[in-house]
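Coordinate-derived values only; no laboratory data. All values reported here derive from a predicted model rather than from experimental measurement. Counting neighbours? That spans all protein chains shown, and the Cβs are built from the backbone with ideal geometry, glycine included.
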Amino acid sequence: MHYESEILNELIVAIDNNNLMQLQWLNSFGECFRAITMNLYAYRKGLEFGFTEIDFDQYGWFKRPEFLDKEDIELGTSDRYGEYSTITLGRGINQTWTYALHYSFGTAGGGSALSVYDKQFKSRQDALTFALNKLKVMMTEKIGNTDTTNYKQTVILATLKEITKAQVNMVQLALF
């Protein structure tokens, strides 16, 4: 990974300069180079959202920070099979927003949790607009797919309808 060489260089400079404080701080992120690099990178990505706490789980891995103002927006059908997509919005301490997406085409789908590795936005509206557009592209690409078990057209069309409705509501709110 690109950040591994940067962290390795940091370690080398600290060793060359006999900087014991820096070495101890870097070493506090793990017991091996892999753990140090992954944990330090996670910590630094968290700083981009204003998260400053350094905390590790029972296995020595950096704990995922909790985003503020978390909000789930469900789009699509909400029948007994849970065939809907969800946009989760979250804000960092420094007012930087991001989103996570769980998407369902019927049986096929996927998703991820909110993460400091995700795209950053200056506002809730920017994050929501981007997520809606991304989900719209994903759904539109599956219209007419002949695998109707994994790509149920009713689910896809219902989701697209909900996306359009959400986008119209955002425009109306912006006007007032």
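List the aspartates and glutamates whose alpha-carbon lies under 13 Å from that of Lys63, not counting same-chain residues fewer than 8 positions away?
Candidates past the 8-residue exclusion: Glu53, Asp55.
Too long at a 19 Å Cα-Cα cut-off: which of Lys70/Lys122; Lys119/Lys142; Lys134/Lys165; Lys45/Lys119?
Distance filter (> 19 Å) returns Lys119/Lys142.
For a quick check: sort Val137, Val155 by the number of other beta carbons within 10 angstrom, fewest at the front.
Values: Val137 9, Val155 24.
Going from least to most buried by this count: Val137, Val155.
Sort Arg34, Arg64, Arg91 so that the residue with the fewest other Cβ atoms within 10 Å of its own Cβ comes first and the one with the most comes last.
Ranked by crowding around the Cβ, least crowded first: Arg34, Arg64, Arg91.
What GluC sites (Glu not before Pro) in region 15-100 are in a loop by DSSP, with at most 16 other Cβ atoms within 10 Å of the Cβ? Please report the intermediate quantities before stating the final value.
Values: sites: Glu31, Glu48, Glu53, Glu66, Glu71, Glu74, Glu83; in loops: Glu31, Glu48, Glu53, Glu66, Glu83.
For GluC sites (Glu not before Pro) across region 15-100 that sit outside H, G, I, E and B with at most 16 neighbouring Cβ atoms in 10 Å, the list reads Glu31, Glu48, Glu53, Glu66.
Hey, what number do you get for the chain at 222 nm if only DSSP H runs of n ≥ 4 count, each worth -39500 (n - 2.57), divided across all residues, to the nearest 500?
Taken over the chain, the calculation gives -15000 deg cm²/dmol.
What helices does the chain have that are whole DSSP H segments, at least 15 Å long along their own axis by Cα, and with mean Kyte-Doolittle hydropathy of -1.0 or more?
Qualifying helices: 2-16, 33-47, 124-141, 153-175.
Counting other C-beta atoms within 10 Å, which of Leu11, Leu128 has the fewest, and how do the rest follow?
Leu11, Leu128
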